[in-house]
1. Just to be sure before I move on: is residue 257 surrounded by fewer than 13 Cβ atoms within 10 Å (Cβ to Cβ), more than 25 Å from the chain's Cα centre (by Cα) and under 22 Å from residue 131 (Cβ atoms) in the structure I sent?
2. Is it the case that region 124-131 has a residue that's more than 29 Å from residue 184 (Cβ to Cβ) and either assigned to a loop (DSSP other than H, G, I, E, B) or without any contact (Cβ under 8 Å) to a residue 40 or more places away in the chain (or both)?
3. Within 15 Å of residue 271 (Cα to Cα) and modelled with pLDDT of 95 or more: which single residue out of 235, 197 fits that description?
4. Just to be sure before I move on: is residue 79 crowded, with 16+ Cβ neighbours inside 10 Å, on the phi < 0 side of the Ramachandran plot, out of contact with any helix residue (DSSP H, G or I) (no Cβ under 8 Å at 6 or more places or on another chain) and not in a loop (DSSP other than H, G, I, E, B) in the structure I sent?
5. Conditions: (1) surrounded by 14 or more Cβ atoms within 10 Å (Cβ to Cβ); (2) closer than 25 Å to residue 158 by Cα; (3) without any contact (Cβ under 8 Å) to a residue 60 or more places away in the chain. Residue 47 meets all but one. Number of the miss?
6. From (1) closer than 26 Å to residue 9 by Cβ; (2) modelled with pLDDT of 95 or more; (3) in contact with a helix residue (DSSP H, G or I) (Cβ under 7 Å, 6 or more places away or on another chain), pick out the condition that doesn't hold for residue 150.
7. Give the residues of region 30-64 that are closer than 25 Å to residue 239 by Cα and not in a strand (DSSP E or B), sorted by residue number.
């Protein structure tokens, strides 16, 4: 990426500096972008990013491109329209908004009717967990105007290594919730198998090697030792809680007859997981 790429995109803001937003901000900083952060937690909570944290007024007035990496639709509402109100603050230099959180595709589509037409809107959810964010090798599912996606590619290059342009605005989010259904099935399946393996006297490490090399291969099993939430039990605020939230976003997009059965059962299974 050239210095001109950085200059042409202008100041970047990362809203929501949690387990995904913070390493994404660091990746942008390493690539030479001018980055500021916004979060509901106080600046001192963010260690090396603390000097870059600011308030909503300064954030809106000083950033051109904003990445929203907050947890869910409720936090997105607070960020864009309520508490932080980035979309209604004046003065504002924001001209591009990237929705990086995994949200209901219905909700994401409706945002276009509520956000000023002068602001380019791109859905850019990502996959890979925080370990991939730390290593700047996220996989992005992108929806938006082709010119916007091309303009923003240097930003994606700084944070990831795989980029799937899915179509117009909203297509990236639809792809993400469908992808996360597969991620949830592999998470649930791998955790179930390891629990059963222990009860049946099969060594965990050897079982994981079988899964990696055989027809049961999946992302969770093949990366089990590296995934930070692999052994967690469900909690509302942890990654498994977010995965269950993402499944609920898929349910919101599906026709009622498709949402019943397996999708609902999978959410229940994830929510019942205990630490391994």
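1. So residue 257 does not fit the description; no.
2. No, region 124-131 contains no residue that is more than 29 Å from residue 184 (Cβ to Cβ) and either assigned to a loop (DSSP other than H, G, I, E, B) or without any contact (Cβ under 8 Å) to a residue 40 or more places away in the chain (or both).
3. Only one candidate passes the filter, namely 235.
4. Judged against the criteria, residue 79 is a match.
5. (1)
6. The one condition residue 150 does not meet is (3).
7. Result: 39, 40, 41, 42, 43, 44, 45, 46, 47, 48, 49, 50.
Residue by residue, here is whether (1) closer than 27 Å to residue 22 by Cβ; (2) modelled with pLDDT of 95 or more holds:
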{"site": "121", "(1), (2)": "yes, yes"}
{"site": "127", "(1), (2)": "yes, no"}
{"site": "134", "(1), (2)": "yes, no"}
{"site": "139", "(1), (2)": "yes, yes"}
{"site": "142", "(1), (2)": "yes, yes"}
{"site": "157", "(1), (2)": "yes, yes"}
{"site": "162", "(1), (2)": "yes, yes"}
{"site": "168", "(1), (2)": "no, yes"}
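The values are calculated or read from the model by the stated rules, or taken from the named source; none is laboratory data. Please read all numbers here as calculations on a predicted model, not as lab measurements. In this analysis, Cβ positions are derived from the backbone assuming ideal geometry, glycine residues included, and neighbour counts consider all displayed protein chains.
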